[in-house]
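Have a look at the structure below, then the notes.
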Amino acid sequence: MASNRTMLMLPGDGIGPEVMGEVRRVIDWMDKRRHVSFDVKEDLVGGSAFDKHGTPLADKTMQDALDCGVVLLGAVGGPKWDNLPFDKKPERGLLRLRKEMQLFANLRPAKCFDALVEASSLKPEIVRGLDIMIVRELTGGVYFGEPRGISDIGNGERRGVNTQVYTTSEIRRVAAVAFELAQKRGNKVTSLEKANVMESGVLWREEVTKLHQEKYKDVQLEHMYADNGAMQLVRAPKQFDVMVTDNLFGDILSDAAAMLTGSLGMLPSASLGAADPATGRRMALFEPVHGSAPDISGKGIANPLATIQSFSMALRYAYDLGADADLIDQAAENVLKSGVRTADLGGGSAKVGTTGMGDALLKELDKLAA
Ligand code: NAD
Ligand code: IPM
Ligand code: MN
């Protein structure tokens, strides 16, 4: 069916195409059973784009992403491309998408489904009922700061440089996203930085505090050093509601949070830009938090739920299809309740591979829609 819901699908490398295959089946199901359709354009990103075009993201693909406004990405990278020069690396393709679409707010929810309490590496009482939202700044900080590079400094010595840098507006816009999310959840924001050793951390803390005083006094705000935050995440993660932090700390803390939910194969994400003042639309990219998993790629055993839930975040945040997103999330929960497990989730009564998990999810969707 023709539709004005455009989406650029970039499966990428490694397990990316494997898990994206299961999203395609969910999209077909939505068309047939819910009469909700999408215009999906598919293209290359990462190592697969480098192999074909000599660049991890062709200009044409970048333009399509900007025109479409909504991207669903699998994963990029792998050992085959690890030794390429920096600007050709698969990861640069993803970073270019984030930067040029100006996706400054990366939402990484970590929710522990009841059925997966035992799959976490932490004790059940620590993770049961866990529901946190990490808001990671995504277009600034040490990922993009200048100067950067590797140079010879004589006597056989070399120097590698990256620069951590944040401006007032960069901090305020991502903090505003965190405060607004908190208002719809547990009404608490924890802001994490290293204000004890970094000037950019001092600025971060000051600007978050100012914005809170100006506009979000009703939300409880707490500041925490990021290293303590990492410890608290594994000690007592349920103390958190929304966590807001910079690009690098957010990368690390969200991988740590993954294990609270049972597996990195369970964590979706949404990266959002600013709302267009005329239309209210935001540029957005949805992707699992995990990578291309070279150790299991090609084996058909990757867990597709992080990518399927990233698609459900797209329904919620990009297409205003909250009820359909709820349906997919509920189906995922039911599948796990029924004991179906991919290898990363351990135990379970029914061990399945990637397509087996897709089969089980579609069956649950059928039941829910009946
Ligand atoms: P990774 O996330 O790919 O894998 C870490 C571990 O988690 C592996 O043992 C892997 O098998 C497991 N895992 C990940 N996703 C899984 C899934 N869906 N189901 C079951 N198990 C899963 O991280 P890595 O090994 O550090 O990185 C591999 C490559 O991926 C690198 O090139 C890296 O740069 C890239 N990467 C890309 C993204 C992205 O595209 N957004 C994110 C992280 C890493
Ligand atoms: C992530 C990844 C990326 C990052 C890489 C692949 C560029 O680790 O999305 O978490 O560091 O942001
Ligand atoms: Mn990461």
Choice from G14, G46, G353 showing the highest fluctuation, given a GNM over the chain with Cα pairs closer than 10 Å: G353
Which of A175, S151, W204, positive extreme of dipole for the range 131-259 (C-beta unit charges): A175
The range 131-259: antiparallel DSSP beta bridges as a percent of all, rounded to 5: 25 percent
The range 13-68 and the range 104-119: distance between their alpha carbon centers, rounded to Å: 24 Å
Calculated log₁₀ intensity ratio I(q)/I(0) where the Debye formula runs over C-alpha points of the chain, q = 0.06, 0.13, 0.14, 0.15 Å⁻¹: -0.22, -1.09, -1.27, -1.45
Sequence-separation-based contact order of the chain, relative, with Cα cut under 8 Å and 6+ spacing, percent: 20 percent
Net charge dipole size for the range 235-363 [Lys, Arg +1 and Asp, Glu -1 on Cβ; Debye, nearest 20]: 360 debye
Centre separation in Å (Cα based) which lies between the range 196-273 and the range 328-370: 31 Å
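So if each residue of separation counts as 0.36 nm, and I subtract the Cα-Cα distance between F144 and E214, what length gain in nm does that give?
Details: separation 70, 0.36 × 70 = 25.20 nm, distance 2.89 nm.
Length gained between F144 and E214: 22.3 nm.
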Cα centre as origin, Lys/Arg/Asp/Glu Cβ charges: the chain dipole, Debye: 360 debye
Residue-by-residue Karplus 3J(HN,Hα) for the range 258-269, coefficients 6.51, -1.76, 1.60, Hz, glycine and proline x: 4, 6, 6, 8, x, 6, 4, x, 10, 9, x, 8
Accessible carbon and sulfur surface of the chain relative to its total accessible area, %, 1.4 Å: 51 percent
Relative contact order (%) - the range 131-259, alpha-carbon pairs under 8 angstrom, separation at least six: 37 percent
HN-Hα J in Hz across the range 153-158 - Karplus 6.51, -1.76, 1.60, θ = phi - 60°, x for Gly and Pro: 10, x, 6, x, 8, 10
Considering only the chain, percent of DSSP beta bridges that pair antiparallel, nearest 5: 45 percent
Karplus-derived 3J(HN,Hα), 6.51/-1.76/1.60, for each residue of the range 28-45, Hz, glycine and proline x: 4, 4, 5, 5, 6, 9, 10, 6, 10, 10, 10, 8, 9, 10, 10, 8, 9, 8
Most fluctuating residue given options V19, V70, V219, as computed from a GNM of the chain linking Cα atoms under 10 Å: V219
Accessible area (Å², 1.4 Å probe, nearest 10) - M313: 10 Å²
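When the solvent-accessible surface of protein heavy atoms is calculated with a 1.4 angstrom probe, in what order do H290, H35, H223, H53 fall, highest first? List each step's numbers first, then the result.
Details: H290 20, H35 125, H223 60, H53 90 Å².
Correct descending sequence by accessible area is H35, H53, H223, H290.
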Spin-label pair R159/H35, simplified geometry with 7 Å Cα→Cβ offset, distance in nm: 6.6 nm
Zone of D114's modelled label, taken as backbone nitrogen in the range 335-370 under 17 Å from a point 7 Å along Cα→Cβ: 335-340
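Restricting to DSSP H runs of at least four residues, report the calculated mean residue ellipticity at 222 nm for the chain, -39500 (n - 2.57) per run over all residues, nearest 500 deg cm²/dmol.
Details: 12 runs with 146 residues, N = 370.
It lands at -12500 deg cm²/dmol.
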Using a Förster distance of 41 Å, the FRET efficiency for T279-E222 (Cβ separation, nearest 0.05): 0.70
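The values are calculated or read from the model by the stated rules, or taken from the named source; none is laboratory data. Predicted model only: the values in this text are computed from it and were never measured. FYI the Cβ positions are ideal-geometry reconstructions off the backbone, even for glycines, and counts take in every protein chain you see. Quick note on the areas: whole protein, heavy atoms, side chains included, nothing else; ligands and nucleic acids left out. Shrake-Rupley method; radii C 1.70, N 1.55, O 1.52, S 1.80 Å.
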